[in-house]
Amino acid sequence: MKKKRKYQGLITGLICVALAVLIVFGIYFVQKMGNKIDSELSIEDAQTLIDNTVMGLPGNVSTGAKYVADNTAVTVNDLSYGTEKDIILECTYKTVNIGDAIETNIDKYLENVYAFYLDNTAQGIKTNATKIKLYIAEIIEADLAASTPVTGEVTVYLYETTPGVFTPYLSDETVNTIFGGILDAKNIITSAHTVTHNGESVDIANLNTLRTGINDYIALKNYDSEKPDTSVPIEKLWNTLKYDFHRNFVVNQQYKYLTRGLATTLEITALAVLLGILIGFIVAVIRCVNQKTGKLTLLSGICKVYLSVMRGTPVMVQLLIMYFVVLLPLGVEKFPAAVICFGLNSGAYVSEIVRGGIMSIDEGQTEAGRSLGFNYIETMWYIIIPQAFKAVLPSLANEFITLLKESSVAFYIGVADLTLGGIKIRSITYSNYMPLIAVALIYLVVVLGLSKCVAILERRLSKSDKR
Amino acid sequence: MISVKNLYKNFGENDEIKVLKGIDEHIEKGEKVVVIGPSGSGKSTFLRCLNRLEEPSSGEIYFDGQLITDKKCNIDKLRMQMGMVFQHFNLFPHLSILENITLAPIKLLKKKKSEAEAEAKKLLEIVGLPDKADAYPAQLSGGQKQRIAIARSLAMNPQVMLFDEPTSALDPEMVGEVLDLMKKLANDGMTMVIVTHEMGFAREVANRVIFMDEGKILEQGAPEEFFANPKHPRLKDFLSKVL
């Protein structure tokens with residue numbers, strides 16, 4: 001029965017997660033199914049779109065690329081509808097084999113521009129990329145005109161980005177094919193690092209101007225290889241989340257605000273808890289001794305005042321007073337100040353819990369201890385407190401979990417805890433939900449983890465109760 | 001060994017409840033004294049005053065010639081020599097049986113753990129529970145618990161054992177095992193003061209039986225004479241009801 005109960009929570013959790021995943025994927029598929037093209041497109045309109053795109057890609061200044069575009073013809077033969085708001089166009093193309101021309105003649109071009117560059121330098125004229133482009137244009141264009149055109153088949157996609165508006169999507173590969181290897185040509189140019197001059201190999205790795213000049217001649221200035229966005233809302237949400245996650249936590253390793261903050265929070269809590277237990281047990285024992293034997297009246301009175309103050313004022317006010325009024329003038333740093341404040345505060349609550357625990361132990365236990373010859377303190381230490389501790393463990397654990405959460409006000413005196421980590425990220429990115437929910441989730445996970453640990457500890461301690 | 005002189009004990013804020021009204025008693029070494037009497041007669045209070053679990057209101061108690069009612073007296077030292085067994089056993093539930101027995105010898109007599117444990121195992125043999133060393137009190141029956149409680153007291157090597165109604169909280173079938181153990185103890189020469197309702201046991205074991213009522217000792221004597229020929233009318237009345 002107990003075993004069954006143990007796994008019930010886990011199973012319920014798993015079922016919930018599975019359901020959530022199913023629902024998300026369900027929404028995804030429903031939205032995908034609905035993600036159909038809204039309007040139809042004739043082959044003629046598709047042809048016009050393709051022509052405009054092909055003509056537009058080079059822009060106005062790349063005269064070589066423009067020459068290629070002018071001499072390129074892409075003919076739409078067939079049109080079909082895809083599933084992702086896309087139209088598939090089966091086309092044939094005829095174009096200038098610029099890739100071949102550049103590959104064959106690259107050495108010649110480089111020799112020419114290098115000579116041009118040396119010439120200019122000798123005359124004291126500065127050579128820039130535009131001059132090179134203008135100089136080389138005629139030479140290359142002659143080669144292009146002499147080259148044999150290439151033909152072939154190619155598939156081009158149109159995407160409906162908004163209802164009725166179609167955007168052609170030309171991948172790198174497609175552009176390279178339609179424009180006769182123009183991107184290959186670019187790679188050849190940019191990787192050319194030596195030139196033969198007067199029969200000797202000269203290193204021009206540092207003369208970027210030469211390459212840029214040639215490259216400018218064939219560059220596709222209007223080309224954008226990004227695929228048009230036709231994703232469904234849930235995909236967009238997912239992408240937004242990914243993007244926000246990245247800019248909040250990954251950029252500049254901003255997640256370290258949270259990890260370091262968590263470490264600080266745990267350190268403060270752990271140290272304050274230890275201090276709280278120490279103070280709590282001392283106060284509880286003093287009050288119990290006073291209650292049972294009538295001794296330690298003065299100490300007990302001090303304890304009562306301490307309890308009233310600690311339990312009668314908000315922890316945040318205590319923190320501010322403790323730091324700014326008491327500890328700052330003494331030169332105490334923020335971190336120990338927070339530990340002292342939370343420790344003192346927690347001690348008040350712990351002492352009441354422990355006192356309740358001590359009172360709940362049967363009087364016979366004290367009598368048995370005393371009759372064996374233990375004095376009052378020894379009886380407390382060896383016999384009463386171990387039992388009281390076990391009895392109050394769940395309440396103590398709750399107190400510590402409360403303390404972990406309460407420690408989040410430490411950022412008010414500037415302690416860089418987990419909460420302040422979230423606030424810092426928020427002030428950098430102006431993003432609200434991502435850092436704050438992350439902070440909340442981290443607290444939640446830590447608290448649940450602590451609760452689990454306490455449950456395990458309780459099971460261990462209850463060994464002596466087993467029948 | 002124990003001398004009680006003019007012992008008074010009052011309870012309540014203004015001492016308005018008078019429980020013991022002038023007890024004078026002397027217990028010799030090796031004597032087995034059984035105290036009987038109706039409920040509320042003060043017999044348990046009398047017993048608990050002997051090791052000052054109850055603070056006497058007035059009067060004097062001597063143990064081995066030492067005045068233990070003196071404020072300056074180190075009562076903790078003296079209690080080590082006076083074992084006590086309670087009605088409700090009062091075993092320490094958070095400790096195993098072995099730890100229950102060895103706690104006081106290790107902490108108070110500063111015995112080595114191994115030594116204390118060896119002695120504890122011998123005691124467990126004596127009380128007939130050698131296999132329970134690693135058990136916890138909650139796993140034992142009432143009779144077993146009381147036998148462990150006796151072993152725990154014996155571990156301190158006391159000169160006298162005080163029994164406060166040791167069988168009153170037990171199921172009838174478990175009374176025998178505890179009484180048998182106490183008889184064994186008596187035969188070994190232990191000085192014992194026993195508050196009980198077990199008349200058969202009193203008759204068999206006691207050197208002397210004391211009858212208390214309303215805070216006073218009304219009659220005492222050797223058990224044969226005491227039970228066969230009671231003199232005080234209150235005792236006659238009491239015995240007629242319990243026998």
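The values are calculated or read from the model by the stated rules, or taken from the named source; none is laboratory data. Since this is a predicted model, take the numbers as computed values, not measurements. Cβ placement follows ideal geometry from the backbone for every residue including glycine, while neighbour counts extend to all protein chains displayed. Side chains included, ligands, DNA and RNA excluded: accessible areas come from the protein's heavy atoms. Shrake-Rupley method; radii C 1.70, N 1.55, O 1.52, S 1.80 Å.
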Count of residues meeting criterion [within 27 Å of B:K77 (Cα to Cα) and either among the aromatic types (F, W, Y) or open to solvent by 70 Å² or more (accessible area, probe 1.4 Å) (or both)] in the stretch B:119-137:
3
Residue, nearest to the chain's Cα centre (by Cα), within the stretch A:367-377, restricted to residues that are more than 7 Å from chain B (Cβ to nearest Cβ) and surrounded by fewer than 21 Cβ atoms within 10 Å (Cβ to Cβ):
A:I377
Residues in the stretch B:224-237: is at least one under 30 Å from B:Q144 (Cα atoms) and of a type outside the set (D, E, K, R)?
no
B:F86 facing chain A (nearest Cβ under 8 Å), under 24 Å from A:P386 (Cα atoms) and in contact (Cβ under 8 Å) with a residue 60 or more places away in the chain:
yes
For the stretch B:46-129, give me every one of the helices (runs of 4 or more DSSP H) that falls completely inside it and has 3 or more residues that are out of contact with any helix residue (DSSP H, G or I) (no Cβ under 7 Å at 6 or more places or on another chain).
B:75-79, B:113-126
Residues of the stretch B:152-182 satisfying the condition of being over 27 Å from B:L109 (Cβ atoms), under 14 Å from the mean Cα position of the chain (by Cα) and not in a loop (DSSP other than H, G, I, E, B):
B:L179
Considering only the stretch B:36-52, I want to know if a residue exists there that is open to solvent by 30 Å² or more (accessible area, probe 1.4 Å), away from chain A (no Cβ under 13 Å) and in contact with a Leu (Cβ under 9 Å, 6 or more places away or on another chain).
no
Among the residues of the stretch B:138-151, the number that are open to solvent by 10 Å² or more (accessible area, probe 1.4 Å) and either in a helix (DSSP H, G or I) or away from every other protein chain (no Cβ under 13 Å) (or both) is 6
So B:A116 clears everything in (1) open to solvent by less than 10 Å² (accessible area, probe 1.4 Å); (2) over 23 Å from B:A206 (Cα atoms); (3) more than 14 Å from chain A (Cβ to nearest Cβ) except one condition, right? Which one?
(3)
Looking across the stretch B:57-75 at residues that are within 14 Å of chain A (Cβ to nearest Cβ) and touching a residue at least 24 places away in the same chain (Cβ under 8 Å), the single one that is nearest to A:G369 (Cα to Cα) is B:I75
Looking at (1) farther than 20 Å from B:L47 by Cβ; (2) modelled with pLDDT under 90, find the lone condition where B:K184 falls short.
(2)
Can you tell which of A:V195, A:V175, A:V251, A:V202 is aliphatic (A, V, I, L, M), in a helix (DSSP H, G or I) and over 24 Å from A:G152 (Cα atoms)?
A:V251
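Give the stretch A:384-434 a look and list any residue that's more than 14 Å from chain B (Cβ to nearest Cβ), polar (S, T, N, Q) and either crowded, with 21+ Cβ neighbours inside 10 Å or over 20 Å from A:V446 (Cα atoms) (or both), or say none.
Within the stretch A:384-434, the first condition is being more than 14 Å from chain B (Cβ to nearest Cβ), and the residues that meet it are A:394-434.
From what is left, the residues that are polar (S, T, N, Q) are A:395, A:398, A:402, A:407-408, A:419, A:427, A:429, A:431-432.
A:S407, A:T419, A:S427, A:T429, A:S431, A:N432 - these are the residues of the stretch A:384-434 that are more than 14 Å from chain B (Cβ to nearest Cβ), polar (S, T, N, Q) and either crowded, with 21+ Cβ neighbours inside 10 Å or over 20 Å from A:V446 (Cα atoms) (or both).
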